[in-house]
Amino acid sequence: MCRLLTAWLGKDGLEKLELIMEAFVKSSEHDRYLEKASGGKSLSHDDGWGIAAIGLVGGKPSIIQHRSIRPVFDTESLRMINLIVSRLKRYEEAVLLIHSRKASRSEPYGEEYLHPFITLLENGATWFAHNGGADKLRLASLLGVYPWIRVDSELLGYFLIEKIGDCLGEQEALDQCVVKAYDSSKEFIPSCNGFNTGLMMLLGNNPHLYLTHWVGQPCGDQVLLDYYKIATFRIADSLAAGSITILDYLPQDSSISEITILEPGLYKASKTSFVRLKPY
């Protein structure tokens, strides 16, 4: 169980970035949806965090990435977030993916196992983050890896990216490859587990951002269905989408508008819109 945030930020949005980051940190520290879903046993996503961003200057990309085993609301983490925010504000535009982790007892624990997970492609790189669970044993068998030193979301990401890479090798369009890869990946999501993902890609000089929202079916547990909801909102000239808890901590600010709850599906994000490529 985790919290997730994606954003495509223009210059005005970057100037308001503190508002988004503060809401994300607070949503990770005190999550009423997690508290309810865990029967009061857990309140915080305190098993580490990670961030990846692509900044653009003069049409050329620059990468920022950081992962820490400390909680995202820890004093040292807050110092690092301030440094990263300051750096991001130097760019003309930026794509952002951030994740805070609540590790289950059955999954490995440590900095190596934090999202976003990076994978290199022939002409670029991808970063994948996931809120939910996946069938790790099946994925490990298909990928030919030893399961107990891997995270289920990590293997899901590797499977997804492998499918995208194979498809691109056949000269198919990127959006179509992403749709096909996600269609293949859905089958590994157990009932009542989330398929909430952020996929950030850099191909050549061009960033791309995709996100999904879905809960494995059948699922009649309304508490979990609520927990996995994704909210979208506009901030200044930019768009962001993240775990529902973020709405509890967004400030009353005139730059924040158009708050909606995402319908299940696969979306392509930009600074101006979330386009649903496929409903789920």
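A short reminder: the numbers here are calculations on the coordinates, not readings from a lab. Only a predicted model underlies this, so the values are computations on that prediction, with no experimental measurement involved. Neighbour counts run over all protein chains shown; Cβ positions are idealised from the backbone, glycine included.
List of remarks:
- Spread of Cα-to-Cα distances over 10 Å intervals beginning at zero, given as percent, for the chain: 7, 31, 39, 20, 3, 0
- Here K16 is the anchor, and the lysines within straight C-alpha reach of less than 28 Å, apart from those fewer than 8 places off in the same chain, are K26, K60, K89, K102, K229, K268, K271.
- Net +/- balance of residues flanking V179 in space, Cβ distance below 12 Å, scoring K and R +1, D and E -1: +3
- Cβ-derived FRET efficiency at R0 35 Å, R70 paired with L137, nearest 0.05: 0.70
- Sorting 43-50, 259-266 by their mean Cβ neighbour count within 10 Å, with the most densely packed peptide first, gives 43-50, 259-266.
- Shape of the range 101-190 from the C-alpha gyration tensor: prolate (a/c of 1.5 or more and a/b above b/c, with a ≥ b ≥ c the square roots of its eigenvalues).
- Using a cutoff of 8 angstrom between alpha carbon atoms and counting only pairs six or more residues apart, the relative contact order for the chain works out to 22 percent.
- Computed packing ranks the peptides 243-250, 138-145, 100-107 as 243-250, 100-107, 138-145, most packed first, by mean other Cβ atoms within 10 Å.
- Modelled spin labels at C219 and S191, positioned 7 Å past Cα toward Cβ, are 1.3 nm from each other.
- Placing a label point 7 Å from the Cα of L247 along the Cα-to-Cβ direction, the residues of the range 19-45 whose backbone N falls under 14 Å of that point are 32-33.
- Under 14 Å from the Cα of K36 - aspartates and glutamates, other chains or at least 8 residues apart: D221, D226
- Rounded to the nearest 20, the Cβ-based charge dipole of the chain about its Cα centre (Lys and Arg +1, Asp and Glu -1) stands at 120 debye.
- A straight line joining the Cα centroids of the range 3-53 and the range 145-207 runs 23 Å.
- Loop-located GluC sites (Glu not before Pro) in the range 137-197 (DSSP state not H, G, I, E or B) with no more than 16 neighbouring Cβ atoms inside 10 Å: E170, E172.
- Under 16 Å from K136, Cα to Cα: lysines that are on another chain or at least 8 residues apart: K186
- Cα-based shape type of the range 37-177, given that a ≥ b ≥ c are square roots of the gyration tensor eigenvalues and the cut on a/c is 1.5: oblate
- On the beta carbon distance between D12 and L120, with R0 = 25 Å, the FRET formula returns roughly 0.15.
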